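Structure first, then comments.
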Amino acid sequence: MKHDFKVTLFLLILFISAQVIGLFILNQSIIVEEAIDEITGETSVVLDYKEVITGRPETQGASSFLYVFFAILIGTILLLILIKYKMHKVWKTWFFVAVGITLSIVFDVFFEEIISLILGFALAYLKIYRPNIFTHNLTEVFMYAGIALMIVPIFNIFWMIILLITISIYDIIAVFKSKHMIKLAKFQSSSKMFAGLVIPYKKLPQSSSEIKIHIPKGIKKQGVKSAILGGGDMAFPLLFAGVVMENLIVVNHMTKQLAFFKTLIIPVFACMALAVLLYLSKKNKFYPAMPFLTAGCLLGYGIIFFI
């Protein structure tokens, strides 16, 4: 088993909390209307979303897949460049802006834009410049809903499944072949930041406000040993569940509430898949989580499809 039982349980609770909260916020953003065909008189469901602060990409289908895939690829390359030249301050500024905008998008579902921006960047400031385990994980639980609000409306189920499979293959390569995920983790650790969940094995000293991440595989780094789960492992299951929920409303003509509760099957199975990975994996080794999470998502979707 990779981590102690209590640490594993806490990690799983935070994971599924992020999925459920993200789905709920996404559901609150959905606007459902009925459209009547003037010729046939048939009624169809038209689904829209509240506008987000930054606006959404104007893409659909294969273009959406390419947009997200190349965004991840370019982002990874840029981060590796920052690693090579040890540009910690640039990464910190980039991360601060990204977190602030993402959280602002979440708050914008419930508040006015100016209030959302203030709340989003205030929490981003605490996360980046006054970090502690509580604020770090609290913001992580909420911020993936912001990503879902941006990405879910531009995808359909087919291309989201293709994206899940592609990211799973990439995850295997990044961990076992190129191993650049280790470099990314080491760089984020040295910058006192990590995009994902961090669960320490023991409490940080009260005099310390820094998040110190343990990096396995022989990389020497002083700090509190922690269990970590990357941001992509949090985001992609939520994106898939969001697209499925949208499909249930449009195609199956479910109410928003029923679609939300039925879609919760996917986070449950994704969490179970993550639990299996954590149980089977060994201590102090990196493992690609996305293949397991993708399997859990697809199994959950299969159950929804046949119910």
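Just so you know, all these numbers are worked out from the coordinates, no wet-lab data involved. All values reported here derive from a predicted model rather than from experimental measurement. Note: ideal-geometry Cβ built from the backbone for every residue, glycine included; neighbour counts use all protein chains shown.
Model label sites at Leu258 and Leu9, defined 7 Å from Cα along the beta-carbon direction, differ in position by 3.7 nm.
Rg over Rh for region 1-119 works out to 1.09, both radii taken from alpha-carbon positions and Rh defined as the Kirkwood radius. Remark: region 54-68, residue by residue, has Karplus-estimated 3J(HN,Hα) of 8, x, 10, x, 8, 9, 8, x, 4, 4, 5, 4, 5, 4, 5 Hz, where x stands for each Gly or Pro and the curve is 6.51 cos²θ - 1.76 cosθ + 1.60 at θ = phi - 60°.
For percent of Cα pairs over 34 Å apart, the value calculated from this model appears in (i) 32; (ii) 11; (iii) 20 under label (iii). Can you pull a Stokes-Einstein diffusion coefficient for region 113-152 at 37 °C (0.692 mPa s), Rh from Kirkwood over Cα pairs, as a whole number of µm²/s? This corresponds to a translational diffusion coefficient of 305 µm²/s.
Neighbours of Leu239 by Cβ distance under 13 Å: Lys/Arg scored +1, Asp/Glu scored -1, total -2.
The phi torsions of region 242-250, fed into the Karplus equation with coefficients 6.51, -1.76 and 1.60 and a -60° offset, translate into couplings of x, 5, 5, 4, 4, 5, 4, 6, 7 Hz, rounded to whole numbers, with Gly and Pro shown as x. Taking amide H as placed 1.01 Å from N in the peptide plane, Ala227 has its amide H under 5 Å from the amide H of Ile199, Tyr201, each at least 5 places away in sequence or on another chain. Relative intensity of region 63-194 on a log10 scale, I(q)/I(0) at q = 0.14, 0.15 Å⁻¹, equals -0.76, -0.87, per a Debye sum over C-alpha point scatterers of equal strength in the absence of solvent. Amide H of Tyr49: which non-local residues (sequence gap of 5 or more, or other chain) have their own amide H closer than 5 Å, using H built in the peptide plane? Hits under the 5 Å cutoff: Ile31.
Once the gyration tensor of the Cα atoms in region 226-292 is diagonalised, the equivalent ellipsoid follows with semi-axes of 30, 11, 8 Å, ordered largest first. Protection proxy ranking of 277-287, 137-147, by the mean of other Cβ atoms within 10 Å over each peptide's residues and highest first, is 137-147, 277-287.
Which number do you get for Rg(Cα) / (2.2 N^0.38 Å) in region 45-100? Taking the Cα Rg and dividing by 2.2 N^0.38 Å, one obtains 1.52.
Here the extension length gained between Phe70 and Ile162 equals 31.7 nm, from 0.36 nm per residue of separation less the Cα-Cα distance.
Would you mind getting me the FRET efficiency between Met1 and Lys86? Use the beta-carbon distance for r and R0 = 35 Å, nearest 0.05. Calculated value: 0.50. Pairs from the table (Lys86/Lys179; Lys89/Lys283; Lys262/Lys285; Lys6/Lys177; Lys6/Lys283) lying more than 24 angstrom apart at Cα are Lys89/Lys283; Lys262/Lys285; Lys6/Lys177. Highest average first, the peptides 247-254, 86-93 ordered by how many other beta carbon atoms sit within 10 Å of their residues are 247-254, 86-93.
Sorting the segments 16-27, 157-168 by their mean number of nearby beta carbons within 10 angstrom, highest to lowest, gives 16-27, 157-168. For the pair region 80-158 / region 292-307, the C-alpha centres are spaced 28 Å from each other.
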